[in-house]
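The values are calculated or read from the model by the stated rules, or taken from the named source; none is laboratory data. Note that the structure is a prediction, hence the values are computed from the model and not measured. All Cβ positions, glycine included, derive from the backbone under ideal geometry; neighbour counts span all protein chains shown. SASA here: full protein model, heavy atoms, side chains in, ligands and nucleic acids out. Shrake-Rupley method; radii C 1.70, N 1.55, O 1.52, S 1.80 Å.
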Amino acid sequence: MQGCRHSQFTRTGEFFTKSEDKMNRRQLLLLGSMAGAVVAVPQLFSRTESANAIDGAHPGHPPPPRGAAVTASTGQAPSVAPFSVRMPVPPVARPVASRPDIDVYRIPIQRAEVDILPGFATSALTFAGHFVGPTIRARTGRRTYVTFANDADVPTNIHLHGGHVPPASDGHPMDLIDPGKWRHHDYPNRQRGATLWYHAHPHHVEAEHVYRGMHGFYLIEDPAEAELGLPGGEYDVPILVRDAEFDAKGQLVLWGHPANRTTILANGKPQPYFQVAARKYRFRFLNGANERTFTLSLGGTVMTQIASDGGLLPAPVPRTEFAFSPGERVEMVVDFSDYPPGTQLVLTDAAAGPVVRFDVTRKAADSSRVPTTLRALPALGSATVTRDVVLSFDLTSGNPTGLVNDKPFDPNRVDFQIKRGATEIWNVTNGDGNYGFPHNFHLHLVQFRVLDRGGRPPLPGDAGLKDTVAVPPGETVRVQATFATDYLGRYMYHCHFLEHSSVGMMAQMEIVP
C-alpha cells in the first residue's frame, strides 16, 4: 500500500545497496573515453527538425546505478528477416467496474515470457503479461481509477506521463509498490484529449523497468474531438517505437551501451509489417526508448501532424519527417487513399533504418477528414516568475552522477516551491555542451509551451502543448507553464533519458498555496 514516503526511502536505499557490486566499470571507462572524443565533432545538431535527433544513441552513457540488474551479452542476437512479423495493436484494457462517472481498472505487474523475436521467449517485466501494456482509453471529464497490483518480485511504481493528477497518484519515485502489494491511482482526466502513457518510475531502476517492458498507452479521448471527424476506431492506431539489445538466446541485454541497441521495435516487434486500407489513419507515435531519439519519414510521403504531447495542435501541419526524443508523442494522419492495393510504404528512421512497413491491402470507404482548424491553444498568460534549470553530469567522481542545477536528486529536498495557479517561465539548459551529451526535459503535473530555443523560434516538433522536449548539448529551451489551481504537493521534473534520471538527473518541486 502507500505507506510513509520516508520509510520507503530507507527500505529502498537498503535494497539498492545490496547490489552495488553490479556496477559496470566498463561503462564508466567508455563514458570517459567517448566524452573526450566527442569534443572533436564540430556539429552534432543542425538547425533543422533533425536538431532534436541524435545519430542513433548518444555517447554520454553512465554505468548502472545501485540495484540495477546487469546482464552481459551471450553472443550476437538472432537475426530476424525485415517485415516478416505483423505489428500488433496493443490490447485495450477493459474496466472491472463502471459507474456513470467513473471506470475502474485492475492491472497486474508481472514477469512474463513474451514473444518479441520469432522462436524465442524473452523474459520481461510487464503490465498484464504484455510487452506493450494494455491501452487504457479514458475520456475527458470521466474519472479513471486504476489499481496496479505488483505480482512481480521487485518493488516498482507507475507514473502517468503527461497526466494532470493528484500527487499521491503521480508515481513519485519513492512511492513504491512492494511485491504482493497494490496501489490505487486516481486519474480525474480533467484535461483535454491527448496521447499519454504510463510507465515504471522507481528511482535508480526506472530505466531497467521501462526497458524490460513496463510501458503502455493511456489515451484521453475528448468528446469535442469526435466532432472534427478525424480517423477513429480501428483506424486510430497507437505505435510505441523503441530500441533494444538482445543476446543469442533472445534475452534483453540490460545496461549495455545504447549504441548496441540496434533492434528497433514497433509495438514490441522487430521491423514488422502492418496491413492498412487505402484510406486515412491516425497514428499515435510514442518514443518509448530509454535514450534513442528517432527521426522518422515515410519515403517522402507527406504526413499530417495533428497533435503532440498535450493533444491537438491549433491546425494541421504537413511534414515529410519528424523527430522525437524519449517520452515524446507525435500524432500523424497518413492518407493511403492514393495508393493501390499491393503498395508498400516503409517508415524509416534516419539512423536505424526501417521501423515498420505499411502494406496497402484493400480499398475502404472513408468519411474521416482533417479539418483546417483543430483546437486553439490556451492563452499563455503573464509569467510572474522565471527559473533556470540546468541538466548535466558530474564526471569528477568514480561514477558519473546526474545533476539538476548542480545537485543530484534527493527525495528529502524540495528544489522549487511554486505558488498554486502561478504562471512561470523556465530556462532549461543542457549544461553538457563541452561533452556533446544530449538531454531532454520532462515536467510532471502540467503541460508547457515552448517559447524559443536560445532566442530562436521553436522547431516544428516543439509545437502545441508539451510535457517533454529535447535539449541538445549547450542549448537553452525556454518554456512557459501555468501550475493549475487544483493540486498541492510534490512533483518531479527531470531528464527523460532514463539512464540519466536513474543516476540522479531529477529534481523535485512543491506546489504550495
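Descriptive notes on the structure:
- Meets criteria (buried (at least 21 other Cβ atoms within 10 Å of the Cβ), at pLDDT 95 or above, farther than 30 Å from Tyr493 by Cα and not hydrophobic (A, V, I, L, M, F, W, C)) for Lys269: yes
Table: residues versus (1) in a loop (DSSP other than H, G, I, E, B); (2) farther than 28 Å from His204 by Cα; (3) open to solvent by 10 Å² or more (accessible area, probe 1.4 Å).
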residue	(1), (2), (3)
Gln275	no, yes, yes
Thr301	yes, yes, yes
Ala307	no, yes, no
Phe322	no, yes, no
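- Of the criteria (1) surrounded by fewer than 20 Cβ atoms within 10 Å (Cβ to Cβ); (2) of a type in the set (A, V, I, L, M); (3) under 21 Å from the mean Cα position of the chain (by Cα), which one Val503 fails: (1)
- Matching residues in the range 391-411 - criterion: being hydroxyl-bearing (Ser, Thr, Tyr), out of contact with any Leu (no Cβ under 8 Å at 6 or more places or on another chain) and surrounded by 15 or more Cβ atoms within 10 Å (Cβ to Cβ): Thr401
- Counting residues in the range 186-197 that are over 19 Å from Thr126 (Cβ atoms), at pLDDT 95 or above and β-branched (Val, Ile, Thr) gives one or more.
- Selection status of His159, under 17 Å from His209 (Cα atoms) and within 21 Å of the chain's Cα centre (by Cα): yes
- Residue count for the range 356-366 under the criterion of being assigned to a loop (DSSP other than H, G, I, E, B) and farther than 17 Å from Phe283 by Cα: the result is 2.
- The lone exception for Leu377 - which of (1) in a strand (DSSP E or B); (2) open to solvent by less than 50 Å² (accessible area, probe 1.4 Å); (3) under 26 Å from Gly455 (Cα atoms) it fails: (1)
- Residues that are part of a loop (DSSP other than H, G, I, E, B) and either surrounded by 20 or more Cβ atoms within 10 Å (Cβ to Cβ) or in contact with a Leu (Cβ under 7 Å, 6 or more places away or on another chain) (or both) within the range 412-445 comprise Arg420, Gly431, Asp432, Tyr435, Gly436, Phe437, Pro438, His444, Leu445, listed in sequence order.
- Long-range neighbours under 8 Å by Cβ, at least six apart or interchain, first residue more than 20 Å from Thr348 (Cβ to Cβ) within the range 239-250, second assigned to a strand (DSSP E or B): Glu245/Leu252; Glu245/Thr263; Phe246/Thr122; Phe246/Leu252; Phe246/Thr263; Gly250/Thr122
- Checked against the criterion of being modelled with pLDDT of 95 or more, under 24 Å from the mean Cα position of the chain (by Cα), surrounded by fewer than 21 Cβ atoms within 10 Å (Cβ to Cβ) and under 27 Å from Thr263 (Cβ atoms), the candidates Val92, Val85 yield just one match: Val92.
- Filtering Pro134, Pro118 for residues that are over 22 Å from Val330 (Cα atoms) and of a type outside the set (Val, Ile, Thr) leaves a single hit, Pro118.
- Residue within the range 101-111 that is in contact (Cβ under 8 Å) with a residue 12 or more places away in the chain, closer than 28 Å to Gln251 by Cα, open to solvent by 30 Å² or more (accessible area, probe 1.4 Å) and not basic (Lys, Arg) present: yes
- The set of residues from the range 277-299 being under 30 Å from Pro371 (Cβ atoms), in a loop (DSSP other than H, G, I, E, B) and open to solvent by less than 10 Å² (accessible area, probe 1.4 Å) comprises Gly288, Leu298.
- Selected residue (criterion: surrounded by the fewest Cβ atoms within 10 Å (Cβ to Cβ)) from residues of the range 477-491 that are out of contact with any His (no Cβ under 8 Å at 6 or more places or on another chain) and part of a strand (DSSP E or B): Gly489
- Only one of His215, His184 that is surrounded by fewer than 24 Cβ atoms within 10 Å (Cβ to Cβ), over 30 Å from Pro371 (Cα atoms) and touching a strand residue (DSSP E or B) at 6+ places or on another chain (Cβ under 8 Å): His184
- Enumeration of residues in the range 137-174 that are charged (D, E, K, R) and open to solvent by less than 10 Å² (accessible area, probe 1.4 Å): Asp170
- Qualifying residue in the range 189-208 (condition: open to solvent by 10 Å² or more (accessible area, probe 1.4 Å) and among the aromatic types (Phe, Trp, Tyr)): no
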